[in-house]
Structures are given as C-alpha cells and as structure tokens.
C-alpha cells in the first residue's frame, strides 16, 4: 500500500453529469421553464415563482450560446402579450365618443393601467435575465430587456399598426387640455401619468422621448390655432385692460399646466405661441383701441394696467418699441396741446400784477412740469424705470418743447417768477425740488444760448432792483446750470454777483470820500458799478433828462471813481435804478420808492399847481424818454394799485391823447409805498425776431472760435472730422447746422485763419 506521507491532500470535486441531449433539446427544455414564468408574471402570479431557479436558467442558456434564441423568445412573448392587451382591453374603448372629461380620462386610465403592469413585468423579467443583459446584449448591440420592452410597448400599443391607438390617445389628451382651457375640471392625474409614459418611451436610438413626436408637436400646433381664434374673439369683446388680464391669465395657466402635468421643456414653446398669437399679432390694435387704449390709460394714469401692458409687450419682439412709440406719441400730443394753448386770449390770469404774456409763460412751464411729473410717476410705477423708456420719454419732451420758439424765454420767466416771490415761505427742500425740475426742463432745450440771454436779463433786473428773495438760492440755480453746461455758460452770471459784492465795498469808500470832500452831492446816492461784459446792458443808455440834483450827484461820484480807477470809463444807465421820494399829499406825507424813470416823470409835476394837467406829449418831451418807457412808467404811477397821478380818460392803456395831473387826494395807510414798474410783456414777434438775429450773430462768433480752437490744436484736419468736433464743443450751448459751420470755415479762410491743404480741398490747415 502506497504511503500518503509527504503528499498534499486532494479535495474532491463533484461535476454535473454530461448531457447527452442536443443543444436544441436543451434550449427547449430550459426555455419552456422561462416562457411559463414570463406568462405567469404577465398573469400577475409572480409570487409563485422561484426567481433564483429562473435566473440560473437564463444564465445557463447564455453560457450555452443560446442568447439569441433567448432574446428573441422573450421579445416575442412580450409582444404577444402586448398585442393581446391592446386587442382585448384598449380596442373596445376606442369607440367611446369623447364628449366629457370623465370619458376621456377613462381612456387614459386604461392605457395607463396597461403601461404600469407592463413596467412591473419588465422589471421582474429583467431581474431574471441579468446575465443576458450584461453579456449577450452588449456584444450583440441590442437594447437591454427593459429598453426592449419599452420599444415593444411603443410599437405594439402606442403606435399599433392594427389599431388607431396613437391618434385616439392624441385626441383624448388634446381634448382634455382644451376642456381645461375652457374652464372644465379634468383628471390631471390621468393626463400626467400618460404624459410621463410618453416621456419614458424613446426613439432615435434612445435620444428623444416619443412625447415630442407623438404629442408635443401636435399640441403646439393645435394650441396655436386655439389661441389664434381666442385672441381674435377676445380683442373684439373686451377693452385692452381686460384683454391684457386674460392674456396674463393664459400665460400663468400654461406655465402651471406645464409644471403640473406636461414638462418644463414644453413651457417655452407654448409660451411663445401665446405671446405670438395673443400679444405680437395685436400690438397696434391694443395700443390704438379707442376704448381704453394706451392713450386713455396714460390720460387716467392707470398704473396697474400700464404695468401689465409693459410686462406683456416686453415679451415679444418690437413690443417694447411699439409701446415706447405709443407713449412718445401721447407725450407729443399733450405737448402740442400745451403749445397750442399759448394764446393770450384764452388764459385766465389770477394775479392782477402779472402781465398776461408772463402769466401765459408761467402756465406753459407749469403745464410741461406737471406732464413730466406725471410721466415720471408712470415711468417708475408702470415701466420699471426702464432706461429705454426714460430716453424715449425725454426725447418726446425735447421734441415738443423745442417746437415752441418762446420756450427759452418762458423758462427764464418761470425761474424769474419763482426767485422773486414764489419761493417765499418755502423750505430749502421744496426750493431745491423746484429748481431740480426746472433744470431738468432746461436740459430739453436745444437753444441754451437763447435761454442764457433771457436769464442774464432777468437776473440783472432781480439783482439791480433787489427783487431776489435769496442770494443763496440764486447761486444754487447758477450751480445747477454750471453742472449742465459748464463754467463758460455761467461765468458771466457769476461775474454779475461779483460786481454786486464789489459795489458794496465801493459805496463804503464813497461814503468816506464824501465825509472829507468839500462838495457834497445834493441827494443821497447809491451806485452799482457794473462790468459791461458781464451784464446784458447796451453801451448806449436809454435817453433820459435827469433833474439837476441827480446830475450833480453823478458828477461827484465820477470824480471819486476816476481818482481810484484811472483809465476806466463810466457810462450811466440811470433808467435802471430806483429813487426814494418824499411826497406830500392832502392827507399825509408818504415815502415813495419808484424807478428812476418814474421819479423823473413825477418830479416834472413838482413845481406846477396841483390842478394843472400835463398831456402825454408834454411828459414825453420833458423827460426825454422813449415812448415805450413813458407808457410803462405812466401805467405804473397812474393805472396801478397806487395812483399817484390821475389819468384822463380813465383806462388801463396809455394813449398819446391822455392827460395827467397830480393826485393830491391820494391816501394810503402805509407810510412807505413801493411802486413797481409794470413788468415787460413777453416779447412780441418782432422782438423775438430781433433776439434771434442777435443770437445768430453771437453763434457765428462762437462757431468761429470753436473752429479756431480745434484747428489750433490739430493743425490739420479734414472737413467731416472738423464739423464733428465743432458740433461736439458747441452742443452744450446750441446745435449748429453743418451748413452753418461750413460758412464759418469759408469766412475764416477768407480772413486767412485757415487754408485748404494743397491738392486736397476737403482738408484744412491752421495758419499760425
């Protein structure tokens, strides 16, 4: 007996007995077990099966190279089962007329029931055939069992070649959604389950869900037709606010519908349909509708409706642009109405001391400011402070403001009125708010140099006649203008304040001079020395025959001033001053504060009997004043609140046939009376033409100066670039026309400031 010492023990190995049958017999034996199991699973009796044994059967068939037969057999069994389900469960209900939400939901529930059972079966079958899915399927480039089952359900049930299930399912789904759109209650759960089924089944090698081809495309197409019809019907039935509310509701409904039982990827597509059919195609109709269209919404400041229109129109191409155009047109219409109201015969003047023309100017500016305030509220509350809307609104204001040739004068008169009296009693914040609004309005002006001309005139009157309520407020307004137009625009205005300050120091020195002087002026004199380049006064003063006492006083001041400022020449503008007179009437004595012209007129009555009347012609000859000034002065002292002179015949207007006498019976409680000269009216057409001619002359000089500055810096420049740079420099003052710049270039060439480049007439050289 051989010894086992030194040898390793050998473990026993039990091997299965070798099969003597053929591979076909083996397959059929194992396959019968699997086929019966699949049928049992379809019969919902899977709990009776041994899945471990079934797994081994599938495993053995794959390792025995029977994977192709196994795969085909499983596919055929599933297809057969689905055929049977479609024929016996779905076919009988396809004839149901879909006349109610419940019947439509029933069709969906049957299909969904079959689908859920099919998915459950696929999961169980796949758990048996795991080895096939891991080995045979990848090698053969076939879908896994679960995916194959989905494809079979798609092709055998949903897209059945025998039954019209696909079209019927589409019809039911679309009808259910249409019913819900019309207000019916549907079974959203049934619709959602069916949609999820379509999303899970795929085509195009598993890339796209059949939801797109079998439902979404048709859904989008039918939705377009639905909203096309509905929008046309709603536009006819409802006014724009109600129509916009219904559009907004539809958008919200479709968004909720997609989130609840469709898919979020469908939402942009259906939203686009609603926007195109209900908004884009009816933009102009909604805007221009007479019954509560855009114009009526703006007139009545319907902020909520305007906000809704802004949000909805912003969803479609050109929607915001169309709305901006509509808003701009409304503003221009309002502006034209405001400009048309510039008619002195239609305005109601509440302030008796304000000339009709000035009151008209104040009304025009206030109307524009009120419109701008209202549009600012709408911009913030309805248009989300959109920059594009703000620019459109501002351009519309700029358009109609500059259509009024008197706009610069009106704005200056408005500021003048505020700074003289309207700011009295107002807080700093209120004043600053009004100045900011006025500055905003000034920003719309294209002819800022014309405004400057009027503003200088009005400022000079306020300063010289001490009518401004506050120097601080005056300087604040100038600071705002400087921010808008730069230092050059306000340099002369600031120079006027400097002159007023220096004049105070000059008069202090003059008083010291008088104390030491041998010759004392017969009347107390207070002089304001003005720099001619700062103030809007002509070099030739208004002619006036001053009384002897006044002339003597001016001579004394001239000697004082020339002794300290050698080489300076004084030109007296006596008509721009004012005089304090002590007048004796029958009742009592009064101190009258009047203009120098009024003092000259009143003093010619001084040495005459009280009852003596002087004709208009006599007064004009003795005072030497121009007719216009005589009439304004006589209106102040004979037709105003304080009638120092009695006019015959009595009327508001001064005629050359009138006569005047001293009113000795004048009586007033106040001991000191200030009589203001009747304010100048707004410029007449002739005066306006003269002003524009002067401005045009000034513009020529400014344009030439700008051309020279540019050329001095560049030395050589072509015509187009020169025009562009000149416009850029001058646009803060006015907008020069290219033709006007060309003329000034030609003038500078003639005067040899510039020359054309040799061989190139479009290029200019600076002549040093």
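Values for this structure:
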quantity: For residue 722: the one exception among (1) free of Cβ contacts under 8 Å to residues at least 40 places away in the same chain; (2) not in a loop (DSSP other than H, G, I, E, B); calculated: (1)
quantity: Residue that is nearest to the chain's Cα centre (by Cα) [pool: residues in the range 42-57 that are assigned to a helix (DSSP H, G or I) and surrounded by fewer than 11 Cβ atoms within 10 Å (Cβ to Cβ)]; calculated: 47
quantity: Any hit, the range 523-532, residues being more than 59 Å from the chain's Cα centre (by Cα) and either crowded, with 16+ Cβ neighbours inside 10 Å or under 30 Å from residue 621 (Cα atoms) (or both); calculated: yes
quantity: Selection count where residues are assigned to a helix (DSSP H, G or I) and touching a residue at least 12 places away in the same chain (Cβ under 8 Å), scope the range 232-275; calculated: 25
quantity: Filtered residues of the range 201-231 (kept if out of contact with any strand residue (DSSP E or B) (no Cβ under 6 Å at 6 or more places or on another chain) and not in a helix (DSSP H, G or I)); calculated: 201, 203, 204, 205, 206, 207, 208
quantity: Given (1) in contact with a helix residue (DSSP H, G or I) (Cβ under 6 Å, 6 or more places away or on another chain); (2) closer than 25 Å to residue 443 by Cα, number of the condition residue 710 does not satisfy; calculated: (2)
quantity: Condition check for residue 435: in the same structural domain as residue 335 (by TED's automatic domain parsing), buried (at least 16 other Cβ atoms within 10 Å of the Cβ) and over 31 Å from the mean Cα position of the chain (by Cα); calculated: no
quantity: Pairs with Cβ under 7 Å, 6+ apart, first in the range 557-572 and assigned to a loop (DSSP other than H, G, I, E, B), second surrounded by 11 or more Cβ atoms within 10 Å (Cβ to Cβ); calculated: 570/558; 570/561; 571/541; 572/541; 572/554
quantity: Residue in the range 129-152 that is under 30 Å from residue 254 (Cα atoms) and either more than 57 Å from the chain's Cα centre (by Cα) or surrounded by 15 or more Cβ atoms within 10 Å (Cβ to Cβ) (or both) present; calculated: yes
quantity: Any chance residue 463 is crowded, with 17+ Cβ neighbours inside 10 Å, part of a helix (DSSP H, G or I) and under 23 Å from the mean Cα position of the chain (by Cα); calculated: no
quantity: Subset of the range 398-432 (residues that are within 25 Å of the chain's Cα centre (by Cα), part of a helix (DSSP H, G or I) and at pLDDT 90 or above); calculated: 398, 399, 400, 401, 407, 408, 411
quantity: Filter result (under 19 Å from residue 579 (Cβ atoms) and in contact with a helix residue (DSSP H, G or I) (Cβ under 7 Å, 6 or more places away or on another chain)) within the range 602-633; calculated: 602, 604, 619, 623, 625, 629, 630, 633
quantity: Which listed residue, of 458, 465, is in contact with a strand residue (DSSP E or B) (Cβ under 9 Å, 6 or more places away or on another chain) and in contact (Cβ under 8 Å) with a residue 24 or more places away in the chain; calculated: 465
quantity: The one condition in (1) under 30 Å from residue 195 (Cα atoms); (2) free of Cβ contacts under 8 Å to residues at least 24 places away in the same chain; (3) surrounded by fewer than 16 Cβ atoms within 10 Å (Cβ to Cβ) that residue 25 fails to fulfil; calculated: (1)
quantity: Selection within the range 106-115 - in contact (Cβ under 8 Å) with a residue 60 or more places away in the chain and closer than 18 Å to residue 146 by Cα; calculated: 112, 115
quantity: Filter pass, residue 108 being within 58 Å of the chain's Cα centre (by Cα), surrounded by 21 or more Cβ atoms within 10 Å (Cβ to Cβ) and farther than 17 Å from residue 75 by Cβ; calculated: yes
quantity: Top-ranked residue in the range 153-171 [being surrounded by 15 or more Cβ atoms within 10 Å (Cβ to Cβ) and outside any helix (DSSP H, G or I); ranked as nearest to the chain's Cα centre (by Cα)]; calculated: 159
quantity: Strands (runs of 3 or more DSSP E) wholly inside the range 581-690 containing at least 2 residues that are surrounded by fewer than 16 Cβ atoms within 10 Å (Cβ to Cβ); calculated: 589-595, 672-674
quantity: Criterion violated by residue 123 - all others in (1) in contact with a helix residue (DSSP H, G or I) (Cβ under 8 Å, 6 or more places away or on another chain); (2) free of Cβ contacts under 8 Å to residues at least 24 places away in the same chain; (3) more than 29 Å from residue 31 (Cβ to Cβ) satisfied; calculated: (3)
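Let's see how each residue does on (1) crowded, with 16+ Cβ neighbours inside 10 Å; (2) within 14 Å of residue 459 (Cβ to Cβ); (3) assigned by TED's automatic domain parsing to the domain that holds residue 706:
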{"position": "473", "(1), (2), (3)": "yes, yes, no"}
{"position": "477", "(1), (2), (3)": "yes, yes, no"}
{"position": "481", "(1), (2), (3)": "yes, yes, no"}
{"position": "492", "(1), (2), (3)": "yes, yes, no"}
{"position": "497", "(1), (2), (3)": "yes, yes, no"}
{"position": "506", "(1), (2), (3)": "yes, no, no"}
{"position": "509", "(1), (2), (3)": "no, no, no"}
{"position": "515", "(1), (2), (3)": "no, no, no"}
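The values are calculated or read from the model by the stated rules, or taken from the named source; none is laboratory data. None of the values given here were measured: they were computed from a predicted structure. For neighbour counting, all protein chains shown are included, and Cβ atoms are generated from backbone atoms with ideal geometry for every residue, glycine included.
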